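Contents: one structure, followed by commentary.
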Amino acid sequence: MKQFPDNFVWGSATAAHQIEGGWNQGGRGPSIWDAFTHTPGKTNLGQTADVTCDHYNKMEEDVAMMKAMGLKAYRFSFSWSRLLPLGRGAVNEEGVAFYNRLINTLLANDITPWVTLYHWDLPLALQMEKDGLLNPEVADFFARYAEVCFERFGDRVKNWITLNEAWCSAVLGHGIGYFAPGRVSTSEPYIVAHNLLRSHGKIVDVYRRKFQAEQKGEIGITNNCDWREPKTDSAADKAAAQRSMEFFMGWFADPIYLGSYPEVMHQRVGDRMPRFSDADLALVKGSSDFCGLNHYTGMYAAEPKEGEDITIGAPAGNGGMAEDQLVELSEDPTWEKTGMNWNILPWGCRNMLNWINERYEHPPIYITENGYAASDEDDLSVAINDERRIGLVDGYLGACHQAINEDGVDLRGYFLWSLMDNFEWAMGYSMRFGIHHVDFETGKRTPKKSAGWYAGVIERNGLL
Ligand code: PNW
């Protein structure tokens, strides 16, 4: 058996907009994702998350489902506009009451809450009145919202994640317009990324100055990154892969761990690349107690040949930033893929963990998302035999085990995405990531084979 370290955190993850529904219930204000999904043409078949899993009304049942599989930790996000309907100003006590019930129910069942403060659902009022993430002032709105959360929930929540995947807000939300707020630009991604990093810094500063000593929790950021494997051994291809990693993970993690953006980004992005003021940098540098990683897939990276089209791959791949990076991405046709067409590469996960371990000098890491999407699991009888999902998770956890035991990576936990099928953003209900099947007509949840398999891993604290 491949044994994991004592106290390894075994979890599963979701996000508010993807599971809650109740979009206009209990005093919740609208978010940019409500506006986006209600705009014709933005999502698969015009699907919205108005109801989705209806977790807002089925919370107790969902916690019972976690308990039944022996889950130790549950990562979920707060809907900012459920707590502060206009993004700032008055607190919605009904929203507070909902998350209090959720947190208390989890704790009563010995499940540790891991809360993400921001998983992309910016209050719509902040977009309309304040230009959303483009406005430097958004960092102050983030800090105030976070303070409310620490005040109200920090006595019981000890694991905080500030932002989920700022890369997606920047590149998919403001570069190619694939995600809310649907903007298309070659400069806004860099502004948004900068404001999100500043926001993260301010949130952590509030926690450390006002709450951490008493509440004794940890706070960090979760970034997403795919692995980039040099296509050949040539120095040029190795440099291209490294450049691609710096544009992906380095963009968000270098400022936090090393105190500046990767130099190659300043060189290549030029005037569009912001620089930190000393005051901002003081808040950003050293602002993460752990490194949260969402990791699913990878590609080959190479130095582009003259005249070659390098725009392949958006929204995955470079996400439309191919010219800035000047990296050619490609895939091996023999690689197995998920329903999202994401390559299944366990060895890429191991390399990814080692890249972080080396560049940032051995930080504690949590994989806050990893999982398998299927496009053919609508039918329950198919869904419950999800051997391919088990195969992916088994493979990636095996790679994690090697990273811990053979490479000395300080990996402390793993959160399987996702607890249940849910609203997969622009792809709507066409992709199922759950280890529980959800019938979106009736709301019924059913464990897939993977839920039972993962329960065994958790119980043994290891892989067979
Ligand atoms: C992550 N892409 O998102 C998110 O954190 C989850 O909310 C999401 O459900 C999960 O991964 C699975 O997709 C991403 O197209 C979604 O490049 C799409 C992309 C990247 C990340």
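State all residues of segment 216-244 that are within 16 Å of the ligand (Cβ to nearest atom) and within 17 Å of the chain's Cα centre (by Cα); if no residue qualifies, say none. Before the answer, list the steps.
Pass one, segment 216-244, residues within 16 Å of the ligand (Cβ to nearest atom): 220-228, 244.
Listed by number, the residues that qualify are GLY220, ILE221, THR222, ASN223, ASN224, CYS225, ASP226, TRP227.
It is to be established whether one or more residues within segment 1-10 are under 19 Å from the mean Cα position of the chain (by Cα), more than 17 Å from TYR429 (Cβ to Cβ) and of a type in the set (Phe, Trp, Tyr).
First, the residues of segment 1-10 that are under 19 Å from the mean Cα position of the chain (by Cα): 9-10.
Next, from what is left, pick out any that are more than 17 Å from TYR429 (Cβ to Cβ): 9-10.
Checking which are of a type in the set (Phe, Trp, Tyr) leaves us with 10.
Within segment 1-10, one or more residues are under 19 Å from the mean Cα position of the chain (by Cα), more than 17 Å from TYR429 (Cβ to Cβ) and of a type in the set (Phe, Trp, Tyr).
Each row is one residue, and each column tells you yes or no for (1) open to solvent by less than 10 Å² (accessible area, probe 1.4 Å); (2) within 12 Å of the ligand (Cβ to nearest atom); (3) modelled with pLDDT of 95 or more; (4) touching a Leu at 6+ places or on another chain (Cβ under 8 Å).
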| residue | (1), (2), (3), (4) |
| --- | --- |
| ILE390 | no, no, yes, no |
| GLY395 | no, no, yes, no |
| CYS400 | yes, no, yes, yes |
| GLY408 | no, no, yes, no |
| ARG412 | no, no, yes, no |
| GLY428 | yes, yes, yes, yes |
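Looking only at segment 1-56, how many residues end up being assigned to a strand (DSSP E or B) and open to solvent by less than 10 Å² (accessible area, probe 1.4 Å)? Steps first, please.
Step one: filter segment 1-56 for residues assigned to a strand (DSSP E or B), giving 2-3, 9-13, 31.
Filter again for open to solvent by less than 10 Å² (accessible area, probe 1.4 Å), leaving 10-13, 31.
Total satisfying the criteria: 5.
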Subset of segment 257-271 (residues that are farther than 19 Å from ARG228 by Cα, out of contact with any helix residue (DSSP H, G or I) (no Cβ under 6 Å at 6 or more places or on another chain) and in a helix (DSSP H, G or I)): TYR257, HIS266, GLN267, GLY270, ASP271
Would you confirm whether or not segment 166-183 contains a residue that is in contact (Cβ under 8 Å) with a residue 12 or more places away in the chain, more than 30 Å from GLY320 (Cα to Cα) and in contact with a strand residue (DSSP E or B) (Cβ under 9 Å, 6 or more places away or on another chain)? no
Considering (1) within 16 Å of the ligand (Cβ to nearest atom); (2) over 18 Å from the mean Cα position of the chain (by Cα), say which one LEU163 fails and leave the rest. (2)
Evaluation of ALA213 against (1) within 20 Å of SER287 (Cβ to Cβ); (2) over 18 Å from the mean Cα position of the chain (by Cα); (3) touching a residue at least 60 places away in the same chain (Cβ under 8 Å) (one fails), failing number: (3)
Inside segment 77-95, can you point out the residues that are touching a residue at least 40 places away in the same chain (Cβ under 8 Å), in a loop (DSSP other than H, G, I, E, B), open to solvent by 10 Å² or more (accessible area, probe 1.4 Å) and of a type outside the set (Lys, Arg)? PRO85, LEU86, VAL91, ASN92
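Return yes or no: is SER330 farther than 21 Å from ASN354 by Cβ, open to solvent by less than 30 Å² (accessible area, probe 1.4 Å) and of a type in the set (Ser, Thr, Tyr)? So that I can check it myself, show each step before the final result.
Numbers: farther than 21 Å from ASN354 by Cβ: yes; open to solvent by less than 30 Å² (accessible area, probe 1.4 Å): yes; of a type in the set (Ser, Thr, Tyr): yes.
It is true that SER330 is farther than 21 Å from ASN354 by Cβ, open to solvent by less than 30 Å² (accessible area, probe 1.4 Å) and of a type in the set (Ser, Thr, Tyr).
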Restricting attention to segment 206-262, which residues are open to solvent by 10 Å² or more (accessible area, probe 1.4 Å), within 24 Å of PHE290 (Cβ to Cβ) and basic (Lys, Arg)? ARG208, ARG209, LYS210, LYS216
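The values are calculated or read from the model by the stated rules, or taken from the named source; none is laboratory data. From a predicted model like this one, the values you see are computed outputs, not experimental measurements. Here the Cβ is made from the backbone with ideal geometry for all residues, glycine too, and neighbour counts use every protein chain on show. Accessible surface areas use protein heavy atoms only, side chains included; no ligands, DNA or RNA. Shrake-Rupley method; radii C 1.70, N 1.55, O 1.52, S 1.80 Å.
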